[in-house]
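Participant: The structure under discussion is supplied below as structure tokens; questions concerning it will follow.
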Amino acid sequence: MATIAILGTMDTKGEEHAFLAELIRKRGHKTLVIDTGTLDAPRLQADIPRQEVAGAAGYDLAALTSRKDRGEAVKAMSEGAPIVLMRLQKEKKIDGVISLGGGGGTAISTSAMRALPIGFPKVMVTTLASGNTAQYVGAKDIVMFPSIVDISGLNRISRQILTRAAGAICGMVEMPASEAGADRPIIVASQFGNTTECVTHARKFLEEAGYEVLVFHATGIGGKTMESIIESGMVAGVLDITTTEWADELVGGFLSAGPTRLEAAARLGVPAIVTPGCLDMVNFHGPESVPARFKGRTFYPHNPQVTLMRTTPEECAELGKIIREKLNASKGPVTLLLPKKAISVISAPGQKFYDPTADRELFNSLKTGLRKDIQVVEMDCTINDPAFAEACAKALMKNIEAKGAK
């Protein structure tokens, strides 16, 4: 029997949460109700009242409600709910969490869910489950369940949706987590379609050496998630083959991972290797999405939904400087590897993005001013050459060994 946290505003959504809680109990599980409401009296009795949630973040709920500032109240609950939920999870008092909400409720509950570790069951039934949910999900495995109708009373549609949502969270807590490979040290790797061959070859090499390799697609959220996993302390090494998200961050593409990409491993001293994989490209949606200021640039239609733009020598020089500074901040062993013939499939000789001047600017900028103790390995091959992949894997294992020897 598991205990599932029912998190939400029990004043405005009390009836719906009560229906959900009853379904979960009928399944044979316990519930723990946490109230994040701030307006009217709760319609569902909470095991953890709203005063305790606000107090966890240092807020006086009575003072907040007297001012009738809904924005301030949502902020208080968004800060308190993560603290309460993390404490319950660490104390092993809950095995999963589910919530129902509109705009404010979704903001509060997902802020709490993002504080929980990956793998911990999290379901958010929300009116906001379509469209861009990045601000709610972040880099965590929150299941966003569309409510279809507004969460405003029980009807033939909402009952059906809430029943399925209850089944989802119950199924998640009932299914034991896989322990396969749990004894192997973890390596995280960044990959794009244009570097898949390199990462695949390096991954097989590392797995044969006894590591478990987690591959992240360098699509913005992939890089953010990888950084989050590194921050968790689970990671033994970082195979950062594909640093392309920095091109989107600098130039304005849609796959940026933000300005802190490449910082987690450096700050925590996690052994790493870094290559300039796919820094030749900036990602846009269809051709119509490319800003007018880029007229005349070199483009490559990757597919109908993705248009790639070649980075210029000037942009490459700036990218090299940015990544060099990230590497210089490393507290652990790190190696820079440069494939001199091509940094992606389409930057090889004869391909659309072949630009030796841009690559030269990138490589020179990466090396100039790099800390003397950071090894640079230059190879006369393309990034997807098996020899380059093996060099990356061997360099990473060497760095992991060096870290362990200290």
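Participant: Go through segment 149-167 and give me each residue that's loosely packed, with under 13 Cβ neighbours inside 10 Å and either closer than 11 Å to Thr126 by Cα or not assigned by TED's automatic domain parsing to the domain that holds Ala129 (or both).
Facilitator: Asp150
Participant: Going by what's in this entry, would Glu315 be described as assigned by TED's automatic domain parsing to the domain that holds Ala266 and either surrounded by fewer than 19 Cβ atoms within 10 Å (Cβ to Cβ) or more than 27 Å from the chain's Cα centre (by Cα) (or both)?
Facilitator: no
Participant: Further question: Suppose we filter Gly296, Gly332, Gly277, Gly369 for residues that are buried (at least 23 other Cβ atoms within 10 Å of the Cβ), in a loop (DSSP other than H, G, I, E, B) and of a type in the set (Gly, Ala, Ser); which single one remains?
Facilitator: Gly277
Participant: Which numbered condition in (1) loosely packed, with under 13 Cβ neighbours inside 10 Å; (2) more than 28 Å from Glu174 (Cα to Cα); (3) in contact with a helix residue (DSSP H, G or I) (Cβ under 7 Å, 6 or more places away or on another chain) is the only one that Ala73 fails?
Facilitator: (1)
Participant: Among (1) within 18 Å of Ala107 (Cα to Cα); (2) surrounded by fewer than 18 Cβ atoms within 10 Å (Cβ to Cβ); (3) in contact with a Gly (Cβ under 7 Å, 6 or more places away or on another chain), there is one condition Arg43 misses while meeting the rest; what is its number?
Facilitator: So Arg43 meets the others, but not (1).
Participant: Give the residues of segment 5-40 that are hydrophobic (A, V, I, L, M, F, W, C), surrounded by 24 or more Cβ atoms within 10 Å (Cβ to Cβ) and assigned to a loop (DSSP other than H, G, I, E, B), sorted by residue number.
Facilitator: Matches in segment 5-40: Met10 only.
Participant: Which residue pairs have Cβ atoms under 6 Å apart, sit 6 or more places apart or on different chains, and have a first residue in segment 196-223 that is under 20 Å from Asp385 (Cβ atoms) and assigned by TED's automatic domain parsing to the domain that holds Pro386 and a second that is part of a loop (DSSP other than H, G, I, E, B) and of a type in the set (Val, Ile, Thr)?
Facilitator: Pairs that qualify, where the first residue is under 20 Å from Asp385 (Cβ atoms) and assigned by TED's automatic domain parsing to the domain that holds Pro386 and the partner is part of a loop (DSSP other than H, G, I, E, B) and of a type in the set (Val, Ile, Thr), are Cys198/Ile241; Cys198/Ile383; Val199/Ile241; Ala218/Thr242; Ala218/Thr244.
Participant: Please work out which residue is farthest from Ile273 (Cα to Cα), limiting yourself to segment 351-364 and to residues that are crowded, with 20+ Cβ neighbours inside 10 Å and not acidic (Asp, Glu).
Facilitator: Phe353
Participant: Output the helices (runs of 4 or more DSSP H) that fall wholly within segment 162-258 and possess 1 or more residues being at pLDDT below 95, under 30 Å from Ala5 (Cα atoms) and in contact with a Gly (Cβ under 8 Å, 6 or more places away or on another chain), or say none. Lay out the reasoning, then the answer.
Facilitator: Working: elements: 196-208, 221-231, 245-251.
Where helices (runs of 4 or more DSSP H) fall fully within segment 162-258 and carry at least 1 residues being at pLDDT below 95, under 30 Å from Ala5 (Cα atoms) and in contact with a Gly (Cβ under 8 Å, 6 or more places away or on another chain), they are 221-231.
Participant: Which one of the conditions (1) in a loop (DSSP other than H, G, I, E, B); (2) in contact with a Ser or Thr (Cβ under 6 Å, 6 or more places away or on another chain); (3) free of Cβ contacts under 8 Å to residues at least 24 places away in the same chain does Asp141 fail to meet, given that it meets all the rest?
Facilitator: (2)
Participant: Considering only residues that are in contact with a Lys or Arg (Cβ under 9 Å, 6 or more places away or on another chain) and either outside any loop (DSSP other than H, G, I, E, B) or over 15 Å from Asp11 (Cα atoms) (or both), which ones fall in segment 96-106?
Facilitator: Result: Gly96, Val97, Ile98, Ser99, Leu100, Gly101, Gly104, Gly105.
Participant: Give the number of residues within segment 280-293 that are loosely packed, with under 13 Cβ neighbours inside 10 Å and under 16 Å from Asn194 (Cβ atoms).
Facilitator: Residues flagged as loosely packed, with under 13 Cβ neighbours inside 10 Å and under 16 Å from Asn194 (Cβ atoms) within segment 280-293 amount to 0.
The values are calculated or read from the model by the stated rules, or taken from the named source; none is laboratory data. Just so it is clear, the model here is predicted, and its values are computed rather than measured. For neighbour counting, all protein chains shown are included, and Cβ atoms are generated from backbone atoms with ideal geometry for every residue, glycine included.
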